[in-house]
Amino acid sequence: MQPLLDIRNLKTYFHTDKGVIKAVDDISFSLVKGETLALVGESGCGKSVTALSLLRLVPPPGKIVGGEILFDNTNLLLLPENDMRRIRGNRMSMVFQEPMTALNPVLRIGDQIAEILQLHKGLERNQALERSAELLAEVGIPDPEQRLRDYPHQLSGGLRQRVIIAISLACRPEILIADEPTTALDVTIQAQIMDLLGRLRDENEMALLLITHDLGVVAESADRVAIMYAGLIVEQATVVDLFEHGSHPYTLGLLASVPRLGGKKGRLTPISGQVPPPLARPSGCPFRNRCPEAFDRCAEACPELKELSPGHLVRCWRRT
Amino acid sequence: MKPLLEIKNLSKSFRLTSKAPGGKSVSLKAVDDISFSIFPGETLGLVGESGCGKSTTGKLVLRLIEADSGSVTFDDKEIGKLSSAQLRAERRNLQMIFQDPYSSLNPRMRVRQILAEPLQLHGLDKNGRTLQEELSHLLETVGLDASHLDRYPHQFSGGQRQRIGIARALAVKPKLIVADEPVSALDVSIQAQVINLMQDIQQQFGLTYLFIAHDLAVIEHICDRVAVMYLGRIVEIAPAEKIYGSTQHPYTEALLAAVPRPDPKRERTHQPLQGEVPSPVNPPSGCHFHPRCPYAQNICRTQSPELSEKAPKHLAACHFSHKIASQSRTDQTTSQ
């Protein structure tokens, strides 16, 4: 199937006084209609910068320095800013991590949703407000008409996250990027929000790029997974392949270090050491300092992402 | 065996003053008549969603805030009745590990000062040579290096900072450590390192933990017994294997069902819990959980259930816990 979104060799660098931080260093992946791809990794691996790059919202001193983002065969990196604005929030939108800060505190909920409909769909204010109430009902908010007149501080974290989802879905985007959409929420609310995102994806045939560090969320919601480490994708596979035949030493380390419900007690198997600071990454494979299987070659050059089996890619000298 | 820490009918309310003109102040019952005890060498987990009162309970144990009523008895001493000098002396035995490794270390102090300060406060500091040795030893215990003594907190990663926080708590050789979400700010690969460290030092020094967390898998992994809190009350308390294997409370059941499992082939059997956690300012009548509870009946709206023994060593506060128990048993048999 023709991918809806095709990212090729994307590079986003931050030019700081202390040096160039390669936040996203040559990553490629694609998304097809109706599928969920999870982008997984720990803090600083570049997953959020990847998301911001897709929408061309990288904050300075960050800059996209290479690659292509093909959306429906158009390279977004070559579009004039005006055209990009017509896509952003309309055909491709984003749910941010922090429901407490992503809404404007001095605007009523209704106005924040209506704004985007007036802007992209050319609705009159009254129509936009009516539609906003429908959207709130769709994401499971009780008394939607009442809520339109509320300010963000009057809502709980779970309700605010639903409002943000309603805003991001207002224009029926083809692609929804959700950056840690449930990290700030309690577990019972997290289950509700993930169910909601899955249902809306199915109803609207949306492609969902789910950014998370929670392997449980990945297992329950994603079709495919890309594991990121130090600005690179180190493994990419279908969700079942990844959990059953995960191959990269970092993936295996992640899977082994999470305590599981009903799992064996006793010691966990952590990954030794820590994520290297972005300006002090080791030569060759960035994971080699923490890798139990590293050998001479790992220091010499960084391995390429190679196909292990159809659809299963891994970046490791030991595996390819 | 006598408990090391015994909490009886502990309550704490906060007054919230409205900033709006003419607004009335309201009272929020953060901790509402809770009782539990912890035995020497044991790890008790306190689990619940935001606003359930678990952190307030941790602070009440250390008397970092004053309780409204009830008692905290530690090692046969009632903490609430100690004079401030006595309390300070007793804190040597009662230490805390905080959630945020970025804000819980003074950025202007070197690691050496951070670790020496509790020793000085308790008059345990020795002169030069021995102190140096002791501090180096402390750092090595938590997996850092003596050469780190002269660095500042900002020179460390989150996981390393949490190790420093643990070393600081260990410095005075306490009996009980209250750990408030000690791993929730850390990445998964680092989280496992810190959990292992906490288990190692517990063995090594015979520590007792009150482990506060919201992550049910972490709690199951590290705790001997678990108390589940909802809106200021303990709704269930039992040995970990009973909480996770045969819960007697619908809230615990819902929490466990909501945890996403890292197993893509597992079918989710339960509907997620509906509705939000109600505001603790104005909690529902009767059983606080009744508006979200699938088992709720009329009695739940009017009468708050007592925390009572439903099975040996297994306490739950629910009028209908027998129904849950039977249900989860059928779940287990069908899955086998």
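Would you pick out the residues in the stretch A:142-167 that are more than 16 Å from A:L185 (Cα to Cα) and aliphatic (A, V, I, L, M)?
Within the stretch A:142-167, A:L148, A:A166, A:I167 qualify.
Conditions: (1) at pLDDT 90 or above; (2) surrounded by 19 or more Cβ atoms within 10 Å (Cβ to Cβ). B:S246 meets all but one. Number of the miss?
Here B:S246 meets the rest and fails (2).
Restrict the check to the stretch B:63-83 and report whether at least one residue is open to solvent by less than 60 Å² (accessible area, probe 1.4 Å), within 19 Å of the chain's Cα centre (by Cα), within 25 Å of B:H221 (Cα to Cα) and aromatic (F, W, Y).
no
Can you tell me which residue among B:P264, B:P260, B:P239, B:P272 is modelled with pLDDT of 95 or more and either surrounded by fewer than 18 Cβ atoms within 10 Å (Cβ to Cβ) or within 12 Å of chain A (Cβ to nearest Cβ) (or both)?
Working: B:P264 fails: modelled with pLDDT of 95 or more; B:P260 fails: modelled with pLDDT of 95 or more; B:P272 fails: modelled with pLDDT of 95 or more.
Only one candidate passes the filter, namely B:P239.
Here's the yes/no breakdown for (1) in contact with a Leu (Cβ under 6 Å, 6 or more places away or on another chain); (2) assigned to a helix (DSSP H, G or I); (3) open to solvent by 30 Å² or more (accessible area, probe 1.4 Å); (4) in contact (Cβ under 8 Å) with a residue 24 or more places away in the chain:
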{"site": "B:Q120", "(1), (2), (3), (4)": "no, yes, yes, no"}
{"site": "B:G123", "(1), (2), (3), (4)": "no, no, yes, no"}
{"site": "B:T130", "(1), (2), (3), (4)": "no, yes, yes, no"}
{"site": "B:E133", "(1), (2), (3), (4)": "no, yes, yes, no"}
{"site": "B:H137", "(1), (2), (3), (4)": "no, yes, yes, no"}
{"site": "B:E140", "(1), (2), (3), (4)": "no, yes, yes, no"}
{"site": "B:S147", "(1), (2), (3), (4)": "no, yes, yes, no"}
{"site": "B:H154", "(1), (2), (3), (4)": "no, yes, yes, yes"}
{"site": "B:G159", "(1), (2), (3), (4)": "yes, yes, no, yes"}
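Just the residues that are of a type in the set (G, A, S), facing chain A (nearest Cβ under 10 Å) and touching a residue at least 24 places away in the same chain (Cβ under 8 Å), please, taken from the stretch B:246-257.
Within the stretch B:246-257, just B:A254 meets the criteria.
Yes or no: B:P278 within 30 Å of A:F243 (Cβ to Cβ), open to solvent by less than 50 Å² (accessible area, probe 1.4 Å) and modelled with pLDDT under 90? Give the derivation first.
Working: within 30 Å of A:F243 (Cβ to Cβ): no; open to solvent by less than 50 Å² (accessible area, probe 1.4 Å): yes; modelled with pLDDT under 90: yes.
Against the criterion (within 30 Å of A:F243 (Cβ to Cβ), open to solvent by less than 50 Å² (accessible area, probe 1.4 Å) and modelled with pLDDT under 90), B:P278 does not qualify.
Tell me, please, whether a residue that is modelled with pLDDT of 90 or more, in a helix (DSSP H, G or I), within 26 Å of A:S156 (Cα to Cα) and within 11 Å of chain A (Cβ to nearest Cβ) can be found in the stretch B:298-305.
Checked the stretch B:298-305: no residue is modelled with pLDDT of 90 or more, in a helix (DSSP H, G or I), within 26 Å of A:S156 (Cα to Cα) and within 11 Å of chain A (Cβ to nearest Cβ).
How about the stretch B:218-236: which of its residues are open to solvent by 20 Å² or more (accessible area, probe 1.4 Å), more than 8 Å from chain A (Cβ to nearest Cβ) and in contact with a Pro (Cβ under 8 Å, 6 or more places away or on another chain)?
Our first condition is that a residue be open to solvent by 20 Å² or more (accessible area, probe 1.4 Å); within the stretch B:218-236, this holds for B:220, B:224-225, B:233.
Going one step further and asking which of them are more than 8 Å from chain A (Cβ to nearest Cβ), we end up with B:224-225, B:233.
Scanning the stretch B:218-236 gives B:D224, B:R225.
Is it true that some residue in the stretch A:261-274 is at pLDDT below 90, facing chain B (nearest Cβ under 7 Å) and within 23 Å of the chain's Cα centre (by Cα)?
Among the residues of the stretch A:261-274, at least one is at pLDDT below 90, facing chain B (nearest Cβ under 7 Å) and within 23 Å of the chain's Cα centre (by Cα), which makes the answer yes.
Any residue at all in the stretch A:128-140 that's under 27 Å from A:K33 (Cα atoms) and within 14 Å of another protein chain (Cβ to nearest Cβ)?
Within the stretch A:128-140, one or more residues are under 27 Å from A:K33 (Cα atoms) and within 14 Å of another protein chain (Cβ to nearest Cβ).
Anything in the stretch A:195-225 that is away from every other protein chain (no Cβ under 11 Å) and in contact with a Lys or Arg (Cβ under 9 Å, 6 or more places away or on another chain)? List them, or say none.
Selection gives A:N204, A:E205, A:M206, A:A207, A:L208, A:I211.
Return the residue satisfying two criteria in turn: it lies in the stretch B:285-295 and is open to solvent by less than 70 Å² (accessible area, probe 1.4 Å) and in contact (Cβ under 8 Å) with a residue 24 or more places away in the chain, and of such residues it is nearest to the other protein chains (Cβ to nearest Cβ).
Looking at the filtered set, the residue picked out is B:R292.
So is B:Q86 touching a strand residue (DSSP E or B) at 6+ places or on another chain (Cβ under 9 Å) and of a type in the set (S, T, N, Q) or not?
Yes; evaluated as a whole, the condition is true for this residue.
How many residues, within the stretch B:279-310, are closer than 19 Å to B:T247 by Cβ, aliphatic (A, V, I, L, M) and under 24 Å from the mean Cα position of the chain (by Cα)?
Counting residues in the stretch B:279-310 that are closer than 19 Å to B:T247 by Cβ, aliphatic (A, V, I, L, M) and under 24 Å from the mean Cα position of the chain (by Cα) gives 1.
Can you pull out every residue in the stretch A:256-315 that is part of a helix (DSSP H, G or I) and in contact (Cβ under 8 Å) with a residue 60 or more places away in the chain?
Once the filter is applied, which keeps residues that are part of a helix (DSSP H, G or I) and in contact (Cβ under 8 Å) with a residue 60 or more places away in the chain, the stretch A:256-315 yields A:P278, A:L279.
From B:A89, B:A116, grab the single residue that is surrounded by fewer than 19 Cβ atoms within 10 Å (Cβ to Cβ), hydrophobic (A, V, I, L, M, F, W, C) and over 30 Å from B:H214 (Cα atoms). Before you say what the answer is, go through the steps one by one.
Values: B:A116 fails: surrounded by fewer than 19 Cβ atoms within 10 Å (Cβ to Cβ).
Of the residues listed, the single one that is surrounded by fewer than 19 Cβ atoms within 10 Å (Cβ to Cβ), hydrophobic (A, V, I, L, M, F, W, C) and over 30 Å from B:H214 (Cα atoms) is B:A89.
Here is a yes/no grid of residues against (1) within 30 Å of A:L123 (Cα to Cα); (2) buried (at least 20 other Cβ atoms within 10 Å of the Cβ); (3) in contact with a Ser or Thr (Cβ under 8 Å, 6 or more places away or on another chain):
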site	(1), (2), (3)
A:G34	yes, no, no
A:A38	no, yes, yes
A:C45	no, yes, no
A:A51	yes, yes, no
A:P59	no, no, no
A:L70	yes, no, no
A:L79	yes, no, no
A:N90	yes, no, no
A:P99	yes, yes, no
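Out of the helices (runs of 4 or more DSSP H) lying entirely within the stretch A:73-161, which hold 2 or more residues that are small (G, A, S) and in contact with a Lys or Arg (Cβ under 7 Å, 6 or more places away or on another chain)?
Because the criterion is at least 2 residues that are small (G, A, S) and in contact with a Lys or Arg (Cβ under 7 Å, 6 or more places away or on another chain), the helices (runs of 4 or more DSSP H) in the stretch A:73-161 that meet it are A:109-121.
Would you mention how many residues in the stretch B:165-194 are more than 14 Å from the chain's Cα centre (by Cα) and either away from every other protein chain (no Cβ under 14 Å) or open to solvent by less than 10 Å² (accessible area, probe 1.4 Å) (or both)?
Number of matching residues: 14.
Could you pull out every one of the helices (runs of 4 or more DSSP H) wholly within the stretch B:201-295 that has 1 or more residues that are among the aromatic types (F, W, Y)?
B:240-245, B:250-258
Take B:L197 and decide whether it is within 13 Å of chain A (Cβ to nearest Cβ), touching a helix residue (DSSP H, G or I) at 6+ places or on another chain (Cβ under 6 Å) and open to solvent by 10 Å² or more (accessible area, probe 1.4 Å).
Criteria not met by B:L197.
Grab the strands (runs of 3 or more DSSP E) fully contained in the stretch B:31-98, keeping just those with 1 or more residues being in contact (Cβ under 8 Å) with a residue 12 or more places away in the chain and of a type in the set (S, T, Y).
Those strands (runs of 3 or more DSSP E) span B:43-47, B:69-74.
Name the one entry in A:T182, A:T238 that is at pLDDT below 90, within 11 Å of another protein chain (Cβ to nearest Cβ) and farther than 30 Å from A:D17 by Cβ.
Every option except A:T182 fails the conditions.
Return a yes/no flag: does the stretch A:296-315 have any residue that is over 26 Å from the mean Cα position of the chain (by Cα), open to solvent by 80 Å² or more (accessible area, probe 1.4 Å) and within 14 Å of chain B (Cβ to nearest Cβ).
no
The conditions are (1) touching a residue at least 40 places away in the same chain (Cβ under 8 Å); (2) touching a Ser or Thr at 6+ places or on another chain (Cβ under 9 Å); (3) surrounded by 19 or more Cβ atoms within 10 Å (Cβ to Cβ), and A:A114 fails exactly one of them. Which is it?
Of everything listed in (1) touching a residue at least 40 places away in the same chain (Cβ under 8 Å); (2) touching a Ser or Thr at 6+ places or on another chain (Cβ under 9 Å); (3) surrounded by 19 or more Cβ atoms within 10 Å (Cβ to Cβ), A:A114 misses just condition (1).
The values are calculated or read from the model by the stated rules, or taken from the named source; none is laboratory data. Everything numeric in this text was worked out from a predicted model, so none of it was measured. Ideal geometry is used to build each Cβ from the backbone, glycine not excepted, and the neighbour counts take in all protein chains shown. Accessible surface is based on the protein model in full, side chains and every heavy atom, while ligands, DNA and RNA are left aside. Shrake-Rupley method; radii C 1.70, N 1.55, O 1.52, S 1.80 Å.
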